[in-house]
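Structure record follows, encoded as structure tokens.
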């Protein structure tokens, strides 16, 4: 399948420990089990798209250690084109993930090779941008690389989607090149630089829209999501499932959204698929290991329509 989506972002090996409850400050806990799972926001989103039978290619950077081969194999096995992933002398990125029984988690990322992905690397791989329709980015690579890629993509008249995670304040000259911004609620308020308890989601999103973003989709976990553009604000309810692990919830949503949107250009249909993909993912452990295939999403659709 010819790639028509380019994901530019991070690849991490997730070291996941399950605990009874998340630790408090200064507290030591015994973990129940530990797993090494392929992850990284960029790779997770690319894998989600690939498993949903979307044509996707990834640009990123890994180290020359044993983790790199595992991450590349996970992408290849999920139908993601990997020939534009570069190798650094630095170590591969690692995420330390602690998950409690309710599915809530704490994540600490050490970027490693991810932070060596430069604008020059993107320029050298620009044929990926030129040949695609949609470019997807996150913030686990240097901000200057995100800015350069968005500028390059808009000059090539591509649709751009940014997942602003980890959250940070982003300048207007970056946001002006974003067509669809997909933050979670906390990320939205951090970007807007306002107090969460004093403004509604729509008001916070409007601040971002006024900086040049065309539309915002705010993921709200079990509360669903909210779509806001310059003309409307619409809430979408989440599917009710028994949560096991929320590690890749946002990434699965974005993967599901893009895989649908590339085909239909229909926001409503894409959000509905995104919510189904996320609903399945949170019932499973791990990041990429939790992401469903298109057939599994279709089977889930049958159960909710009974």
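Coordinate-derived values only; no laboratory data. What you are looking at is a predicted structure, and each value in this text was computed from that prediction instead of being measured. As a convention, Cβ positions derive from the backbone with ideal geometry for all residues, glycine included, and neighbour counts pool all protein chains shown.
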task: Using only Cα atoms, figure out Rg for the stretch 210-275 and give it as a multiple of 2.2 N^0.38 Å.
output: 1.14
- line: Kirkwood calc, the stretch 192-306, C-alpha pairs only, radius in angstrom 14.9 Å
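In whole percent, what relative contact order does the stretch 149-306 give with Cα contacts below 8 Å and a gap of six or more residues?
Working: 252 pairs, mean separation 23.1, N = 158.
Answer for the stretch 149-306 is 15 percent.
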query: Given Cα pairs under 8 Å that are at least 6 residues apart, what percent is the relative contact order of the stretch 22-97?
result: 33 percent
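Calculate, in whole percent, how much of the Cα-Cα pair population of the stretch 126-247 lies beyond 19 Å. Could you put the intermediate results ahead of the total?
Values: 3565 of 7381 pairs.
Within the stretch 126-247, distances greater than 19 Å cover 48 percent of Cα pairs.
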- prompt: Given labels modelled 7 Å from the Cα in the Cβ direction, how far is it in nm from residue 293 to residue 1?
  reply: 1.2 nm
Extension gain, residue 169 back to residue 35 (0.36 nm per residue minus Cα-Cα distance, nm): 45.0 nm
- request: Please report Rg over Rh for the stretch 1-122, where both radii come from the alpha carbon positions and Rh follows the Kirkwood definition.
  value: 1.03
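What FRET efficiency, computed as 1/(1 + (r/R0)^6) with R0 = 25 Å and r the Cβ-Cβ distance, is obtained for residue 120 and residue 214, rounded to the nearest 0.05? All intermediate terms of the calculation are to be shown ahead of the outcome.
Details: r = 29 Å, r/R0 = 1.14.
After rounding to 0.05, the efficiency reads 0.30.
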message: Sort 207-218, 33-44 by packing, meaning the average of other beta carbons within 10 Å per residue, with the highest value first.
response: 33-44, 207-218
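Once R0 is set to 22 Å, what does the formula 1/(1 + (r/R0)^6) return for the Cβ-Cβ distance between residue 144 and residue 186, expressed as a FRET efficiency to the nearest 0.05? Mind showing how you got there, number by number?
Working: r = 24 Å, r/R0 = 1.10.
E between residue 144 and residue 186, to the nearest 0.05, is 0.35.
What FRET efficiency, computed as 1/(1 + (r/R0)^6) with R0 = 45 Å and r the Cβ-Cβ distance, is obtained for residue 283 and residue 25, rounded to the nearest 0.05?
Calculated transfer efficiency: 0.90.
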- prompt: Starting at 0 and stepping by 5 Å, how many percent of the alpha carbon pairs of the stretch 59-178 end up in each bin?
  reply: 2, 10, 18, 21, 20, 16, 9, 3, 1, 0
task: Enter the Cα centre distance for the pair the stretch 124-148 and the stretch 167-217, rounded to the nearest angstrom.
output: 20 Å
message: Limiting things to C-alpha atoms, what are the Rg and the maximum Cα-Cα separation (Dmax) for the stretch 155-197, in angstroms?
response: 11.3, 40
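Highest mean first, what order results for 55-67, 17-29, 96-108 on Cβ atoms within 10 Å? Intermediate values should be presented prior to the final figure.
Values: 55-67: 23.1, 17-29: 11.2, 96-108: 16.5.
By packing density, highest mean first, the sequence is 55-67, 96-108, 17-29.
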Distance in nm between pseudo-label sites at residue 15 and residue 127 (7 Å out along the Cβ direction from Cα): 3.8 nm
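Sort 7-16, 83-92 by packing, meaning the average of other beta carbons within 10 Å per residue, with the highest value first. If you can, show how the numbers build up before the last one.
Numbers: 7-16: 27.7, 83-92: 16.7.
In descending order of packing, they fall as 7-16, 83-92.
Explain nothing, just the number: relative contact order of the chain, from Cα pairs under 8 Å at least 6 residues apart, as a whole percent.
Values: 710 pairs, mean separation 54.0, N = 306.
Relative contact order comes out at 18 percent.
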Distribution of pairwise C-alpha distances over the stretch 51-96, 5 Å bins, in %: 5, 22, 30, 23, 13, 6, 1
